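The structure appears right after this line, and notes come after that.
The values are calculated or read from the model by the stated rules, or taken from the named source; none is laboratory data. These numbers come from a predicted model, not from an experiment. Positions of Cβ are generated from backbone atoms using ideal geometry, with glycine treated the same way; all protein chains shown enter the neighbour counts.
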Amino acid sequence: MIKYFPIFGALVVISLASVAILQAELNQFTQLELGTEVRTWGRTVGGKKEYLKACADNDNSNKCIHWSDEKGNVISSTSRSRVFNNGSLIIYSFQKADVGGYFSPDERERVVENSDGTKWAVAGPEISVVLKE
């Protein structure tokens, strides 16, 4: 879906279609990729945002192995997920509770201004992970 907004005589185009869909299988290994610069993954599950950070391979602190809220409070006590320094998010055993929208706060909306003064923007990428039937 694309919306056009006139602002101060310029045309701004905003794309709301930066979403990929991934079908994951229950109890299976699932790998998500948004780019090598990603260090933090977020997800929206059950209407709540949760975050997981990349850490050294031998770092098993809460922020590295447990999904947390924006303040760093652990939300999920299971440690089935891990973010690696190459930007990959691995969910070792995908569960129904993992269904949701995955994103990275490191990957923001992109806004470009053309030489004629017009602007366009693309929302940051998101992967909608659904359960494969």
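Taking the stretch 46-133 as the region of interest, the strands (runs of 3 or more DSSP E) fully inside it that hold 3 or more residues being under 15 Å from Ala24 (Cβ atoms) and not hydroxyl-bearing (Ser, Thr, Tyr) are 89-91, 126-131.
Within the stretch 72-90, can you find the residues that are buried (at least 20 other Cβ atoms within 10 Å of the Cβ) and over 16 Å from Glu37 (Cα atoms)? Ser81 - this is the single residue of the stretch 72-90 that is buried (at least 20 other Cβ atoms within 10 Å of the Cβ) and over 16 Å from Glu37 (Cα atoms).
Counting just the residues of the stretch 37-71 that are among the polar types (S, T, N, Q) and closer than 15 Å to Glu126 by Cα, which one comes out surrounded by the most Cβ atoms within 10 Å (Cβ to Cβ)?
Initially, the stretch 37-71 is screened for residues among the polar types (S, T, N, Q), giving 40, 44, 58, 60-62, 68.
With the extra rule that they be closer than 15 Å to Glu126 by Cα, the set shrinks to 40, 44.
Details: Thr40: 17, Thr44: 14.
Among them, the one singled out is Thr40.
Taken as a whole, the condition of being modelled with pLDDT under 90, more than 16 Å from the chain's Cα centre (by Cα) and of a type in the set (Ser, Thr, Tyr) does not apply to Ser115.
Residues in the stretch 1-36 that are surrounded by fewer than 14 Cβ atoms within 10 Å (Cβ to Cβ) and at pLDDT below 50: Met1, Ile2, Lys3, Tyr4, Phe5, Pro6, Ile7, Phe8, Gly9, Ala10, Leu16, Ala17. Taken over the stretch 97-111, the residue count meeting the criterion of being loosely packed, with under 14 Cβ neighbours inside 10 Å, over 15 Å from Trp67 (Cβ atoms) and either touching a residue at least 12 places away in the same chain (Cβ under 8 Å) or touching a Ser or Thr at 6+ places or on another chain (Cβ under 9 Å) (or both) is 3.
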